[in-house]
Amino acid sequence: MHLTLTQTTINQQTYWLGTTPTGLGFVGRANGPRDEWQAFFKSANIHYDQQANQQACQELHDYLTGQRQHFDIPLDQTTGTPLQHQVWQALTRIPYGQTATYSQLATMINHPTAVRAVASAVGQNPLLIVIPCHRIRRKDGQLGGYRGGLPMKRALLALENACLPK
């Protein structure tokens, strides 16, 4: 697999984006390490190109500045297990500005007793922000974990809440 990596800076935060010939396959956490992609694409041949991934960079910029509520870029979701794919697809059905619990997400994919497996799949999402795993909370209302860190999760939820029509 070939992965083209680009670093972009938005709101004084840097993000690594990775695309394959199929589409965007990786979004790193804010100020994340240059090699964060390796957790998802262990055997990828990589190429760094600051001129690549411009549409993905623009859409991420627009989202993080409150000008976009969903992404239109093609995605490469060839990594992951069938359960992970089900979970990631279900995450895209949670509306902008709303949240769901891990239990609700498990029910959405018809695996209501697989809450731990669903939570693990959420944590393995290679497309932070684009596949909105930040919209998942624990059953008790707490935020739960997030690969990007809890400050980033709080900021994304606050951004979405602030951009909703009142």
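May I ask you to give the solvent-accessible area per residue for the chain, in square angstrom, as obtained with a 1.4 angstrom probe? Write out the running numbers ahead of the final one.
On the way: 8360 Å² over 166 residues.
For the chain, the solvent-accessible area averages 50 Å² per residue.
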Can you classify the stretch 21-61 as rounded, prolate or oblate using the Cα gyration tensor, where a ≥ b ≥ c are the square roots of its eigenvalues, rounded means a/c under 1.5, and otherwise it's prolate if a/b beats b/c and oblate if not? oblate
If one compares the long axis through the Cα atoms of helix 150-163 with the longest principal axis of the Cα atoms of the chain, the angle in degrees, nearest 10, works out at 80 degrees
What is the distance in Å between the Cα centres of the stretch 96-113 and the stretch 1-19? 29 Å
Which trypsin sites (Lys or Arg not before Pro) does the stretch 1-89 hold that lie in a coil by DSSP with at most 14 other beta carbons within 10 Å? R34, K42
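Carbon and sulfur atoms: what percent of the 1.4 Å accessible area of the chain do they account for? Please list the in-between numbers first.
Numbers: 4130 of 8360 Å².
About 49 percent, which is the carbon plus sulfur part of the accessible surface.
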Given unit charges at Cβ for Lys, Arg (+) and Asp, Glu (-), the dipole magnitude of the stretch 5-133 about its Cα centre in debye, nearest 20, is 340 debye
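The values are calculated or read from the model by the stated rules, or taken from the named source; none is laboratory data. The structure displayed is predicted, hence computed values, not measured ones. All Cβ positions, even for glycine, are placed from backbone atoms using ideal geometry, and neighbour counts span all protein chains on display. Ligands, DNA and RNA are excluded from the accessible area calculation, which covers all protein heavy atoms including side chains. Shrake-Rupley method; radii C 1.70, N 1.55, O 1.52, S 1.80 Å.
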